[in-house]
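A short worksheet on the structure shown next.
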Amino acid sequence: MKQIFRSKIFYLISFLVILGGLLVFNNDEEPTEKLTDDEFFTNLADGKVTFIEVEQRKSVIEISGRLAGYEKDQYFVASVPNSETSLDRMNNAAEEHDIEKMELHHT
């Protein structure tokens, strides 16, 4: 009886170790930080944004990008009001701080 119990525990522990390893190494989610519109515009004005991709929607502008110091697979997301003011602030900052890439998508 002890032999059966020990072998079951061995297999259970082995299974849990393998499962844990798979979960750690197969995490497909990229690290993302959600910024408020104020945080986004503050980082943008301070020249901390190095890349942005913009997608215009009816009432909001969805933004994803990178801040200085981010890893290659790290990015932020933010939503700002879809207004001329928001677009002007982004365009001016992109020119002033030489942001790597700015794509506008209309949906």
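The values are calculated or read from the model by the stated rules, or taken from the named source; none is laboratory data. None of these values were measured; they are calculated from a predicted model. As a convention, Cβ positions derive from the backbone with ideal geometry for all residues, glycine included, and neighbour counts pool all protein chains shown. All accessible areas refer to the heavy atoms of the entire protein, side chains included, with ligands and DNA or RNA removed. Shrake-Rupley method; radii C 1.70, N 1.55, O 1.52, S 1.80 Å.
So here's what we get for this one:
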| read-out | value |
| --- | --- |
| Thr85 accessible area, assembled protein chains, probe 1.4 Å, Å² | 90 Å² |
| Inter-site label distance for Asn82 and Thr50 at 7 Å from Cα along Cβ, in nm | 3.1 nm |
| Neighbour cut-off at most 13 other Cβ (10 Å), DSSP loop, trypsin sites (Lys or Arg not before Pro), the stretch 53-89 | Arg57, Lys58, Lys72 |
| Length added when fully stretched, Glu71-Ser14, from 0.36 nm per residue minus Cα-Cα | 17.2 nm |
| At R0 = 25 Å, FRET efficiency that the Cβ-Cβ distance of Asn92 and Glu62 yields, to 0.05 | 0.80 |
